[in-house]
Amino acid sequence: MSSNFGTRLFFCLCFVLVTESCRSQSLRFETAELIIETAEGKAIPISAEIARTREQLEYGLMYRESLASGNGMIFIFENTQLRSFWMKNTRIPLSIAFIAENGKILEIYDMEPFTLTPVRSTYPARFALEVPQAWFNRVGIRVGNRLLGADSLMRRK
């Protein structure tokens with residue numbers, strides 16, 4: 001009886017893996033070239049995939065093997081409120097910036113792969129931007145800098 005259970009468990013796990021693989025291949029993200037302006041007036045470009053639909057917002061960067069420097073994912077929410085992110089099924093270390101509706105970067109945190117402990121914003125945010133871990137620091141982006149064109153991201157569908 002235990003070998004029958006083991007066989008069923010094996011096929012169940014295979015089904016889940018195949019389903020997630022197909023889902024990740026069928027889920028498409030639009031991309032946008034974003035600019036973050038530093039306090040010194042320096043414009044820092046980032047190529048970001050856009051997560052806007054419920055499925056995109058939930059899936060995010062899960063199952064990715066890598067994320068190149070200068071690339072990321074912008075999460076665009078319908079409203080401004082406190083946000084919470086975790087790293088379930090996310091294989092790469094990330095940094096996250098919580099961003100106000102006007103584009104101001106409110107907070108930046110590092111996140112470790114597969115961590116289920118949520119990273120929560122302290123302030124209500126309209127956007128979240130995930131990038132390779134420490135990228136914000138390497139390019140000189142800090143809390144208080146501004147994501148330019150945030151208003152156009154909200155209107156874009």
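For this structure, a couple of remarks:
- Any hit, segment 128-141, residues being out of contact with any helix residue (DSSP H, G or I) (no Cβ under 6 Å at 6 or more places or on another chain), surrounded by fewer than 13 Cβ atoms within 10 Å (Cβ to Cβ) and either among the acidic types (Asp, Glu) or under 22 Å from residue 30 (Cα atoms) (or both): no
- Index of the failed condition, residue 130 passing every other in (1) under 17 Å from residue 33 (Cβ atoms); (2) more than 12 Å from the chain's Cα centre (by Cα): (2)
- Between 116, 106, the distinction of being over 14 Å from the mean Cα position of the chain (by Cα), modelled with pLDDT of 95 or more, closer than 26 Å to residue 149 by Cα and hydrophobic (A, V, I, L, M, F, W, C) belongs to 106 only.
- Residues satisfying the stated conditions in segment 75-86, i.e. part of a strand (DSSP E or B) and either out of contact with any Pro (no Cβ under 7 Å at 6 or more places or on another chain) or in contact (Cβ under 8 Å) with a residue 60 or more places away in the chain (or both): 75, 76, 77, 78, 79
- Residues being assigned to a loop (DSSP other than H, G, I, E, B) and among the aromatic types (Phe, Trp, Tyr) - total across segment 38-74: 1
- Test for residue 145: is it surrounded by 14 or more Cβ atoms within 10 Å (Cβ to Cβ) and either among the charged types (D, E, K, R) or at pLDDT 95 or above (or both): yes
- Selected residue (criterion: farthest from residue 126 (Cα to Cα)) from residues of segment 148-157 that are surrounded by 12 or more Cβ atoms within 10 Å (Cβ to Cβ) and at pLDDT below 80: 156
- Residues in segment 59-78 that are within 19 Å of residue 149 (Cβ to Cβ) and exposed (fewer than 14 other Cβ atoms within 10 Å of the Cβ): 78 alone.
- Residues that are surrounded by 14 or more Cβ atoms within 10 Å (Cβ to Cβ), modelled with pLDDT of 95 or more, touching an Asp or Glu at 6+ places or on another chain (Cβ under 9 Å) and of a type in the set (Lys, Arg) do occur in segment 83-94.
- Taken over segment 1-58, the criterion of being hydroxyl-bearing (Ser, Thr, Tyr) and either at pLDDT 95 or above or surrounded by 10 or more Cβ atoms within 10 Å (Cβ to Cβ) (or both) is satisfied by 7, 19, 21, 24, 31, 38, 47, 53.
- Residue list for segment 94-118, filter: aliphatic (A, V, I, L, M) and over 19 Å from residue 77 (Cα atoms): 94, 111, 116
- Checking each residue in segment 68-91 for being more than 11 Å from the chain's Cα centre (by Cα) and hydrophobic (A, V, I, L, M, F, W, C) picks out 68, 77, 82.
- Scope segment 108-122; condition surrounded by 13 or more Cβ atoms within 10 Å (Cβ to Cβ) and over 23 Å from residue 91 (Cβ atoms); matching residues: 121
The values are calculated or read from the model by the stated rules, or taken from the named source; none is laboratory data. Every value quoted in this text rests on a predicted model; they were computed, and no experiment measured them. Positions of Cβ are backbone-derived with ideal geometry, glycine not excepted, and every protein chain shown enters the neighbour counts.
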